1. Could you tell me whether segment 14-123 comes out rounded, prolate or oblate from its Cα gyration tensor? Rule is a ≥ b ≥ c as square roots of the eigenvalues, rounded for a/c under 1.5, then prolate if a/b exceeds b/c, otherwise oblate.
2. Can you give me the C-alpha center-to-center distance between segment 457-494 and segment 205-284, rounded to a whole angstrom?
3. If contacts are Cα pairs under 8 angstrom and at least 6 residues apart, what is the relative contact order of segment 261-402 in percent?
4. Under 13 Å from a label point 7 Å along Cα→Cβ of Leu483: give me every residue in segment 453-476 with its amide N that close.
5. Given the pairs Lys105/Lys486; Lys331/Lys478; Lys201/Lys354; Lys354/Lys410; Lys354/Lys387, which are separated by over 30 angstrom at their Cα positions?
6. What percent does the relative contact order of segment 14-123 come to when contacts are Cα pairs within less than 8 Å and at least six residues apart?
7. Residue by residue, what Karplus-based ³J(HN,Hα) values in Hz, rounded to whole numbers, does segment 132-141 have, using 6.51, -1.76 and 1.60 with θ = phi - 60° and x for Gly and Pro?
8. In what sequence, highest mean first, do 238-251, 263-276 appear when ranked by Cβ atoms within 10 angstrom?
Amino acid sequence: MIDRRDFLIGSVAGLASACSGAPVVRTSRPGITHGVQVGDVQTGTALVWARCTEAGRMLVEWDTTDRFANPRRALGPVVTPETDHTATVTLSDLPSGQLIFVRVKFDRVAGMGSSDWSTARFATPRADGFRVAWTGDTCGQGFGRNPDWGGLRGFAALRGSQPAFWINSGDLIYADNPILAEHTTLAGQTWKNITNERVGKVAETLDEFRGRFEYNLDDEHVRALAAEVPVVAQWDDHETHNNWWPGQQLDDDRYRDRDASRLAALARRAMSEWTPLPTGPMHRVIHYGPLLDVIVLDARSYRTPNDEGIATTMFGAEQARWLVDQLAGSKARWKLVACDQPIGLVIGDGPQAKRREGFADGVDGPPGGREVELAAVLSALKTRGVKDTAWITADVHYPAAHQFDPARGKGVDFTPFWEFIAGPIHAGTFGPEPLDPTLGPEVKFQWVPPPGTGNLAPSDGLQSYGTIDVSPEALSVKLWGILEDKPRFTVDLT
């Protein structure tokens with residue numbers, strides 16, 4: 001079995017008559033490079049992102065019709081090279097249950113001229129029902145934008161499912177996987193990539209990390225999705241390096257600077273510049289009306305090393321307490337826990353996979369290692385009467401549905417729940433990983449490559465995403481292949 005962990009604009013010109021001392025005369029207007037992205041839509045608020053070709057003042061307008069007859073304005077900052085000419089603005093006082101139209105332009109700071117408007121739309125929370133989608137893992141294992149395949153086609157399928165918003169469950173980029181002009185698959189086929197010098201090597205500089213996010217947004221399917229469907233973004237390991245942890249010194253000869261924390265700081269900055277994210281920590285809550293709270297976790301920034309002993313953690317004590325408090329205090333009908341790591345799969349790391357990347361320690365017994373922290377969270381949730389939760393994730397490059405029940409477990413008392421895995425949306429496909437029995441999981445569905453294979457190309461047809469139809473009565477969860485018109489798995493949680 002082959003495991004995925006074995007694999008590792010334009011500018012605006014100015015013309016000046018230097019000899020005569022005449023003022024600079026610009027020959028073109030500012031432009032918006034990658035359309036508009038909307039993120040973290042929740043009750044009353046939303047984030048709006050855009051990027052300009054030069055220094056300019058960002059202006060955002062929104063209305064409930066596409067005619068913008070009565071627009072409300074939000075004045076954004078002046079974008080500069082310091083933020084790669086990007087900015088994110090918060091909209092407030094948004095009405096619920098509405099389709100919101102938003103447009104963005106930039107006014108030139110030095111001299112005259114403004115960009116054209118660039119537009120997007122999004123839905124605000126409804127009380128009667130809506131659809132959420134999720135997936136993860138984009139441009140991994142050297143599979144980049146292949147024009148013969150049609151680019152990042154999974155995002156077109158995701159858009160076609162018409163969700164109110166989608167959750168990008170981590171590995172937004174693969175900073176440690178070069179995207180070369182040609183990539184030979186394990187089946188001996190040639191996969192062709194659009195590439196450039198910033199993505200043709202591992203990312204080590206801020207410019208190279210920025211280039212990875214820009215590379216994805218250069219795809220027409222990604223931009224079309226962004227113009228219609230807001231994102232809730234979280235990160236995992238490949239935004240920086242495979243299986244990294246804070247303080248790690250990478251055992252990777254491709255890097256000049258092997259300090260994972262320094263690389264992660266660059267990755268986090270580039271992600272914040274190129275993705276509509278709030279300031280502050282990555283873990284946060286999205287209050288999407290009376291029906292749904294999404295608790296977005298960060299299983300990367302606070303973890304202890306993967307090869308530590310019994311006192312290992314994934315969330316860290318503060319985030320673990322915060323998770324319990326947020327779920328216990330939620331007034332939403334349903335609670336969705338978006339974790340960037342599966343909680344029951346045994347995921348190895350390092351030579352002979354002796355270290356553990358995930359929660360599971362692979363031992364058929366009571367909680368050990370990071371399972372101790374997770375078991376304490378689940379037990380506290382039962383003690384505080386938390387119900388109606390489901391967990392979603394990506395990371396392992398195959399879709400699956402797992403049901404956890406303490407009756408099958410090893411002495412941990414918790415309320416039974418489901419975990420759903422989707423993806424990859426555009427990367428190599430792998431799997432399956434073994435399940436750890438400690439929390440009593442049972443595989444209800446999984447879709448994996450044929451035995452003895454792995455790292456299959458997107459064109460092999462196993463890319464996937466998930467949807468959740470949220471209503472007052474149920475969560476209807478479906479797992480889809482990106483090339484298929486009906487789900488491969490469906491379950492209703494009531």
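Here, each number is a calculation from the coordinates, and none is a lab measurement. As the structure is a prediction and not an experimental result, all values here were calculated from the model. Please note: Cβ atoms are built from the backbone with ideal geometry, for glycine as well, and neighbour counts cover all protein chains shown.
1. prolate
2. Between the Cα centres of segment 457-494 and segment 205-284 lies a distance of 26 Å.
3. Worked out over segment 261-402, it gives 23 percent.
4. 456-464
5. With Cα atoms farther than 30 Å apart: Lys105/Lys486; Lys354/Lys387.
6. Relative CO of segment 14-123 lands at 29 percent.
7. 10, 10, 7, 5, x, 6, 10, 6, x, 6
8. 263-276, 238-251
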